[in-house]
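Okay, structure first, notes after.
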Amino acid sequence: MVGIGAALIVFVALLLTVGAAQWVWAATGENDSTVPERVPFAGGAEPEFHAWNRFHIRYYAMALLFLAFDMEMVFMYPWAVVFVRQGLLALIEMLMFILILVVGMVYAWREKSFEWD
Amino acid sequence: MTTLGIGIQVAAMLVGGAYVLAVADRLIGGSGSNVRSAFSYPVKRLSFLMLQPVTTTERPDLAAWILAPSLLLGLAAVGAVSIPIGGPSPGGDIPAGLVLFGAAMLIVLVAVFIFGWAPNSVLPMIGGYRFAAMVLSIGIPFSLVVLTTAIPAESLSVGTIVESQSSLWYLLVQPLGLPIYLITAAAIAFWGPFDLPEGTDLAGGIVAEASGARLAMWRFARAALMVTLSLMGAAVFLGGYLGPVLPGWLWTVIKTAVLLILLALTGRTMARIRVQRFVWFGWVVLLPLALVDVFVSGWVAL
Amino acid sequence: MIDLLLVIAAAVFGIGVYGALSQQSFVMIMMGLELMLNSAVLVVVTFWWGTTGGNPSGQLLVIVILAVMAVEAAIGFALVTAVYRSRKADITEKLRRLRF
Amino acid sequence: MNPGLLSYFLVSAFGIGAVVSGWLVFRTDSMLRAAYWLMVSFVAVGAMLVVLDAQFLGLILILMMSGEMTIMAIFMIMFMMNPAGLNPMTMVHQHRTSMVAGVGSFLVLAWVGVVAEFPDRPAPAVDPTAALGEELLGRSMLIFESAGVALLAVMIGAIALAAKRGRFGDADAGSVEPEIDVDTGSRT
């Protein structure tokens, strides 16, 4: 348990210390900036609307495909651990599983889900 | 191994590795700089940024802006904790270390996305969306090639994977693994030819509005992330701390430094590709190659 | 310990029920559903750890719940996209019937 | 079983974290924050699973959710009028009913959890990941393979529903089946 505990402690400690330092810098830095200095850079364009706007990402079909394919990773981790013990059986079962998923990938590729303009 | 010992080890690796990376990057890509100035360049650059004021934008999401660099650095450190540096560590070994590493590297997406979101500015936001597209298309091949090294080792613990390479490195057993790993790792650290979220075509992208200490922290966290990714590459493909004569930790340092310099070299010499092309490349080329790698390595391991 | 874990899981589930029933936006409703599944994961692992003697079927059930989450999210988003395309609607009030 | 004091402390801390962040999901105006509060809730539950010796499951939950929540945030920004919550908004209906339902389900489930007696058979301290792998490849092989089929159905369904290029042209242009244009009327 030492290892995973160390991971937790290191993570929390870094998040707190670096976050606090960032907060101090931000608090001391922004007081003296004028309004023109605070205008977003945006390549010099006039800021007419917030950047936090509706944004139509073009790759949503790919994102949904990732959701489904990510699940395959979950099955693969325990499979890899017992692979050598189970031998050929494990190889064939996973090959079946992956081939089923590859059908979906080929369909997505044919539907041009990985490309957008 | 105590918690404090692990912490000091990781901190030393991350700071030292970040220095090596910065010097190598300056030597390879710096214009008109002589060799001697490259070694003091990281320190100069850091002190320059620290003395700069931290600028802000109109109505930023300040909490996210403060959180993002600390989160990135924390994730790099967590990834590094799962890797044994000096030798086998019975107490400090994490049974599912590979999963911890994978989770940390996927949350990098969150850190970068909120860093792009925070300033409420168009160019950083586009950088965030670009990075999401990149990670969603290479995340699976990245996890797959790392996972492939767990097959012959029969364990998800990185320490066991290193130990199982005592006769032969997995670089030689699984020749497809390391190239795919380095490509995807460079993309996850938005480094090299894949620095699309920070690209010059976006006038800096996610860092367009960052300055001063915030930019310094972000740059350091990104360098630390590169070190963690190289450490993992050295551990699972190059035998980690295994090696003759020299002590274990020195082997880890040498192998990590080699990978870091390799990444610095390719980062400065390869041509960028568009994000659309990259998404296609990730799904249609890298993912099938990674699957082939899994099954061929599995066949060999039988 | 099991009591504590079950109370926590119940609280997360209650928040999920509240969210799924009260939100108007499709995506926010899905967040409520995910919270309920989250508490289900916690309950399953609690019983796996405390009462079943480490029966691996418990672990498998968690993985099945994870698969359900992925399926729910992917099909949910796809449906929202399809509905938005044809109706320009993102909240449930704007939908009286589900056909084109 | 006799979990140590540290386990109690960690479970309580992560439990409070999971509940509070779960509540904040529905209390923040910014859609990005809502998505990432939900992720914090998942990470807290994942950490609790790690404390309960299910290290692999906890970490894989965190791994899955980080990707899923970013996708959720992106879709929220795509579909919400006001994704950052720059103007405060409440997009709720039947608020009181939902509140009653939420509190009611909490009370019933918590009561069951506290009152019911459960057998005390703790998990043995062996590597649970290997046991899971054996289960996956042996007895529960059918579940595993049918999950593959289900995921294939999800992929095809999601793409068919969401893709812009439909079978009958772009979705923006209607993407409807062309009408059968057979001239059956009298010729003039």
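Every number here is computed from the coordinates shown, using simple stated rules; none is lab data. These numbers come from a predicted model, not from an experiment. So basically every Cβ, Gly included, is an ideal-geometry build from the backbone, and we count neighbours across all protein chains shown.
Between D:Thr28 and A:Lys112, take the C-beta separation as r, use R0 = 30 Å, and let me know the FRET efficiency to the nearest 0.05. Mind dumping the intermediate values first?
Values: r = 37 Å, r/R0 = 1.23.
Calculated transfer efficiency: 0.25.
Each residue of segment B:204-211 is assigned a 3J(HN,Hα), and the resulting list reads x, x, 4, 9, 4, 9, 8, 8 Hz, derived from the Karplus form 6.51 cos²θ - 1.76 cosθ + 1.60 (θ = phi - 60°), x at Gly and Pro. In terms of overall dimensions, the C-alpha atoms belonging to segment B:74-116 reach 40, 17, 10 Å along their principal axes, ordered largest to smallest.
Karplus-derived 3J(HN,Hα) values for segment B:177-183, using 6.51 cos²θ - 1.76 cosθ + 1.60 with θ = phi - 60°, are x, 5, x, 5, 4, 5, 4 Hz; glycine and proline are entered as x. For segment A:49-113, the square roots a ≥ b ≥ c of the C-alpha gyration tensor eigenvalues yield an a/c of 1.5 or more together with a/b not exceeding b/c, which makes the shape oblate. In whole Å, what is the distance between the alpha-carbon centres of segment B:198-252 and segment B:32-99? So the separation of the two Cα centres works out to 8 Å. Taking Cα atoms only, the orientation of helix B:97-117 departs from the longest principal axis of chain B by about 10 degrees. Here segment B:70-176 is described by how far its Cα atoms reach on the three principal axes: 53, 31, 17 Å, from widest to narrowest.
If Rh is defined by the Kirkwood formula over all Cα pairs and Rg also comes from Cα, what ratio Rg/Rh do you get for segment A:2-110?
Working: Rg = 24.6 Å, Rh = 20.3 Å.
Taking Rh as the inverse mean 1/r over Cα pairs, Rg/Rh reads 1.22.
For chain B, relative contact order (Cα pairs under 8 Å, six or more residues apart, normalised by length) works out to 29 percent.
Pop the C-beta distance of C:Leu95 and B:Val245 into the FRET formula with R0 = 60 Å and round what comes out to the nearest 0.05.
Values: r = 72 Å, r/R0 = 1.20.
Working from the Cβ atoms, E equals 0.25.
A simple spin-label model places pseudo-atoms 7 Å from Cα toward Cβ; at A:Ile9 and C:Val68 they are separated by 3.8 nm. Temperature 10 °C, viscosity 1.306 mPa s: under these conditions the Stokes-Einstein estimate for the protein assembly as shown, based on its Kirkwood radius over C-alpha pairs, is 61 µm² per second. Largest first and in whole Å, the equivalent-ellipsoid semi-axes of segment B:1-110 read 30, 23, 12, each the square root of five times a Cα gyration tensor eigenvalue. Shown here are the Rg and Dmax of the Cα trace of chain C, at 16.8, 52 Å.
For chain B, the equivalent ellipsoid built from the Cα gyration tensor has semi-axes of 31, 22, 18 Å, listed from largest to smallest.
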